[in-house]
1. Quick check: anything in the range B:643-665 free of Cβ contacts under 8 Å to residues at least 24 places away in the same chain, touching an Asp or Glu at 6+ places or on another chain (Cβ under 8 Å) and closer than 26 Å to B:Phe570 by Cα?
2. Hey, can you tell me all the residues within the range B:496-525 that are within 22 Å of B:Trp631 (Cα to Cα) and out of contact with any Leu (no Cβ under 8 Å at 6 or more places or on another chain)?
3. Check A:Asp315, A:Asp343, A:Asp348 and return the single one that is at the interface with chain B (Cβ under 10 Å from one of its Cβ atoms) and either over 29 Å from B:Gly480 (Cβ atoms) or surrounded by 20 or more Cβ atoms within 10 Å (Cβ to Cβ) (or both).
4. Name the single residue, out of those in the range B:562-609 being among the acidic types (Asp, Glu) and part of a loop (DSSP other than H, G, I, E, B), that is most open to solvent (accessible area, probe 1.4 Å).
5. Can you find a residue that is on the phi > 0 side of the Ramachandran plot and open to solvent by less than 10 Å² (accessible area, probe 1.4 Å) anywhere in the range B:500-514?
6. Hey, A:Thr197 hits all of (1) more than 10 Å from chain B (Cβ to nearest Cβ); (2) closer than 23 Å to A:Leu245 by Cβ but one; which does it fall short on?
7. From the residues in the range A:235-283 that are aromatic (Phe, Trp, Tyr) and at the interface with chain B (Cβ under 8 Å from one of its Cβ atoms), which one is surrounded by the fewest Cβ atoms within 10 Å (Cβ to Cβ)?
8. Under 30 Å from B:Leu722 (Cβ atoms) and part of a strand (DSSP E or B) - does that describe any residue in the range B:677-698?
Amino acid sequence: MTDLTQLEAELSAAVAAAPDVAALEAVRVGALGKAGSISELLKTLGAMSPDERRERGPLINGLRDRVGAAIAGKKAALEAAELDAKLAAERVDLTLPPPPERRGRVHPTMQVMDEMIAIFAEMGFGLAEGPDIEDDFHNFTALNFPPKHPAREMHDTFWLPEDAGGERKVLRTHTSPVQIRTMQQGQNDKLPSWIATSQTPPIRIVVPGRTYRSDSDATHTPMFHQMEGLVIDRAIHMGHLKWTLETFVSRFFETPVVETRFRPHHFPFTEPSAEMDVRCDRSGGDVKIGQGDDWMEIVGCGMVHPNVLRNCGLDPDVWQGFAFGFGIDRLGMLKYGMPDLRDMFASDVRWLEHYGFSAFAAPNPATGLS
Amino acid sequence: MKFTLSWLKEHLATDATADQVVDAMTMAGLEVEHVENPAAKLAAFSVAKVVEAVQHPNADRLRVCQVDTVDGRKEIVCGAPNARAGLTTIYAPLGAFVPGSGITLEARPVRGVVSNGMLCSARELEVAEESDGIVELPDTLAVGTPAAEAFGLEAVIDFEVTPNRPDWLGVAGIARDLAAAGLGTLKDLSVAPVPGKGPTTIEIRVDGDACPVFAGRLIKGVKNGPSPDWLQRKLISVGLRPISALVDITNLMSYDRCRPLHVYDAGKLTGGFIEARLGQPGETLEALDGKTYEAGPEVCVIADGSGAVGLGGVMGGESTKVSEATTDVFVESAWFDPIRTAQTGRTLGITSDAQYRFARGVDPGFVVEGLELATRLILDLCGGEACEVRVAGAPPAPPAAFAFDHAYVRKLSGLDVPSARIDAILTALGFAVRGEMVTPPTWRRDVDGKADLVEEVARIEGFGALPATPLPETSRAAGGVLTVRQTRMRNARRAMAARGYAEAVTWSFMRAAWARLFGGGDPKLVLSNPIASDLDCMRPSILPNLIEAAARNARQGFADAALFEVGPVFDGDQPGDQRTIVAGLTAPHPSRSWAGAGGDPLFALKADLMALLDEMGAPNLQIAQGHAPTWWHPGRSARLQLGPKVVVAEFGELHPAVLKALDAEGPMLAFELDLGAIPEPKKKPTKTKPALQLSPLMPLTRDFAFLVDQATPAGELVRPILGADKALIADARVFDVYQGKGVPEGQKSVAVEVTVQPTEKTLTDPEIEALSARIVAAAEKAVGAKLRS
């Protein structure tokens, strides 16, 4: 009896005193290893009489279990302490800055273009594109600008020198040439596939892109962006045009109703022609859309001129429809409060960071336009 | 163009205010630029008469006046020395805002006497800069007359005329439209002929090419001098300078009836004839603006026996101009071709009120009537005796009648306008309506079809009445409306922004010298009329613009720009020669970081490009180094290509000499990706993706260190390794490159981690050994690599 009690006391003390896992392991080997003190005792059981074994067995086994449990418990405690110490040593100063990261931005004009496309896509408009270098036919003649007509002069056209075919190409003064490329029946120009080509009516497209006029001041830059719209069907009238533009403006400016005003105007390629104004307030320095007692012109539009339809091989007694043209940069300036058109093209990183949009601000029916 | 309200009212019987006129003009299609309306500012002020003026009981310099005003008799305290009984002056009621002093009048006692209003000086009303005492007006003005009227001030309406409506370049034409729009009644515009006495002895000849019709008449015995006050005031009010009665009459006709005329001193015309013909080579003319013009064979000149005396429809000549000494005047009323007149203006660089009008097209039906009206004015203002009218040539044919189905108004505009109303509108605008047939008036040469008539009806009826009508539903493309290319452009933007690049939008043109540095600058692509000499050439590349932008940002203190642009470049001068490029540029500056320096920033740029290509669905591309165009650093640039011919992208460090030429501090790293060179995926009937095969077997990795020639690209070592067993080798990645101690001179050690993915069963050690041997053999065969021992 005493020998076991004595042994247990010694082992318990050794376990408690073990300073680390290695020392504890030495205690375990000394007690429970092959030649350990408890293992040696267990070996004696075999030589005992059944009665003696019945008496000593439980005592020795009990000792083994208790010492084993004590070692396991101590081991867990030592490991936890070691981990704590390791973690404490791993502390870093998290007030230090992360490596510098650049902030990427989508240009506001491109964001606005995406917003406009999203709204028109919802109304069933597809997207068509055309080239920036255009011929006279698509930019002027087919759009009912007769040769030498004064309306051409109003376009401040950029000209290229005479080409091999003796023609002077222009930088397109508007996105309207893509109307022609889309409506013109039976064309067989060999052009890259991204350039719009004949569609059979009904047609419903928007055309975003770069446009050029030889003009430069606070509100004009030699390059800017337009978005053309074209709807051709059998019974499309000016009321449809009005609904389309009113609906667009309300969705774009994200206000339930924007009061609008249609005024007669003149464009060679539409008849009747109009400009649409929206209510605005100029009293506070910057322009607020949708309120106030002033008007702001935001889009030119009209019913496609019968001559334009004829020039494209469409019979104006069968097909009719409307066209409109927005200034994309200008709409962006109005919506997002950018004061100067010229800044749009100045590539100042401070401006881009301030007025630009996150990569994740893609217009989406669930999250809204921006 | 400008006009005043009273001028308009000479042709339009109306009570409309300036604001109402402006609104009606706007809704009829005349764009009002600006209204200068002194009446608005002076609305509260009116004429009053001082009945009695006595000394203020408590102030030496003040008078207490009894004043008859629009509001009855008022007691008003006034400090002006000229406040005296019997004076007709201007009264401001209580509550009025006095613009010149910036105060609003209140009933306040002045030294114990309450002043019930104020008598005003010209400076207080802002009708003069300086004034001495209160306004003194003629006694003939009635009490209550608005101040603006008393001063003869009127609203001046300044507006723009669209090129289709030259008839609006005369006040009478505007009156006609406003009457049709319901703003008033058009007064009689008809002209009574003035019978002539004796023939006009100057023969008129026309060359129809130069001038279709030329009417003229001689008026003898006139006395030319300053025109009367009313005419001078009228011209001044619209910004014209009075010259002499004869000239002022022609200007009045231009602005009132859009009928430009010219007056010649008949005594200075020689040869007994006047003719309109095309100019002859070398023929010159000293015009009234004092400049000498060369009239080529495309220009219409007016000539007499001495040669050119005027540029037809543009400007008269110095030699035959009228003066105070003129006694006999020859008046020209002709119709010049719009296109020829516009061209003359352009080629000679000359404009005038007449040129502006003829270029847009004046009324060919008003040539003789205009001459009659001018005759009447000359006889009235200058006296004299008119000879008979002579006419040479004939005006162009009047517009032809065409059929107009009234139902078309509704079909095209959506407006429901009763047939009788349609007829009434057209008639009011001067159209002749006979049943279904409509004839436009001579002054509406812009109208030649039924859509034009719909516009006339709709704008007079008012665009406000257009019924907003939803577009019919259409079948939508189920997969969205954008093409693959359009989607890629959009994704490219968002991918670049997500990787930290700011999107720039730069000009499509650039300095030709810069274009030449980037493989462009062909004279075919240099604009004939650039806006500035540094924006003259269509760009062959986006990079110069991004370099310039980064350099500009650096000069402003923001040196580590990362910019990108998605836009066009131009390979040739035809519409099909345009490609869409995604270009990115970084100006890396070694960032000082507590965490230590990063790796070579060129590989960060390569990672961005690879991520972009992946986002756009590009297939695996070959990388080729050593063939870069001259604007790249020869050792630090490469291209990505699809087969040997299709270059999808180029990237690298920009050549320092090129940066220097663009005045930019290097280094700068960049790429250009040709969007159109990435093949579009084949359209599949379904969006279902192929089934995913996940191996239950653990992949394992083995490392190999090879010795290769120093010049061997690592990529050429990796390719044969990947090919050594396409079924088992999932990946091979270079993780270390070493030169130096332990590696023979001229060689480098490249360490590659190969990932092996067993497919059917776990590989045994001998199988792995065999695979390793194949890898080593493949590397050796391809690039002579030796396994490093």
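The values are calculated or read from the model by the stated rules, or taken from the named source; none is laboratory data. Quick caveat: nothing in here was measured; it's all calculated off a predicted structure. Cβ coordinates were reconstructed from backbone atoms using ideal geometry, including for glycine residues, and neighbour counts include every protein chain displayed. Side chains are part of the model used for accessible areas, which takes the heavy atoms of the whole protein and leaves out ligands, DNA and RNA. Shrake-Rupley method; radii C 1.70, N 1.55, O 1.52, S 1.80 Å.
1. Narrowing the range B:643-665 to residues free of Cβ contacts under 8 Å to residues at least 24 places away in the same chain: B:643-645, B:650, B:656-657, B:660.
From what is left, the residues that are touching an Asp or Glu at 6+ places or on another chain (Cβ under 8 Å) are B:650.
Right, trim to closer than 26 Å to B:Phe570 by Cα and you get B:650.
Yes, the range B:643-665 contains a residue that is free of Cβ contacts under 8 Å to residues at least 24 places away in the same chain, touching an Asp or Glu at 6+ places or on another chain (Cβ under 8 Å) and closer than 26 Å to B:Phe570 by Cα.
2. Of everything in the range B:496-525, those that are within 22 Å of B:Trp631 (Cα to Cα) and out of contact with any Leu (no Cβ under 8 Å at 6 or more places or on another chain) turn out to be B:Val505, B:Ala512, B:Ala513, B:Arg516, B:Gly519, B:Gly520, B:Gly521, B:Asp522, B:Pro523.
3. Working: A:Asp315 fails: at the interface with chain B (Cβ under 10 Å from one of its Cβ atoms); A:Asp343 fails: at the interface with chain B (Cβ under 10 Å from one of its Cβ atoms).
The conditions single out A:Asp348.
4. Ranking the candidates gives B:Asp571 first.
5. As a first pass, look at the range B:500-514 and keep what is on the phi > 0 side of the Ramachandran plot: B:500.
Cutting the leftovers down to open to solvent by less than 10 Å² (accessible area, probe 1.4 Å) gives us B:500.
Checking the range B:500-514: at least one residue is on the phi > 0 side of the Ramachandran plot and open to solvent by less than 10 Å² (accessible area, probe 1.4 Å).
6. (2)
7. Looking only at the range A:235-283, we keep the residues that are aromatic (Phe, Trp, Tyr), and these are A:243, A:248, A:252-253, A:262, A:267, A:269.
Restricting the remaining residues to those that are at the interface with chain B (Cβ under 8 Å from one of its Cβ atoms) gives A:243, A:262.
Numbers: A:Trp243: 18, A:Phe262: 26.
Checking each candidate, the answer is A:Trp243.
8. No; the residues of the range B:677-698 include none that is under 30 Å from B:Leu722 (Cβ atoms) and part of a strand (DSSP E or B).
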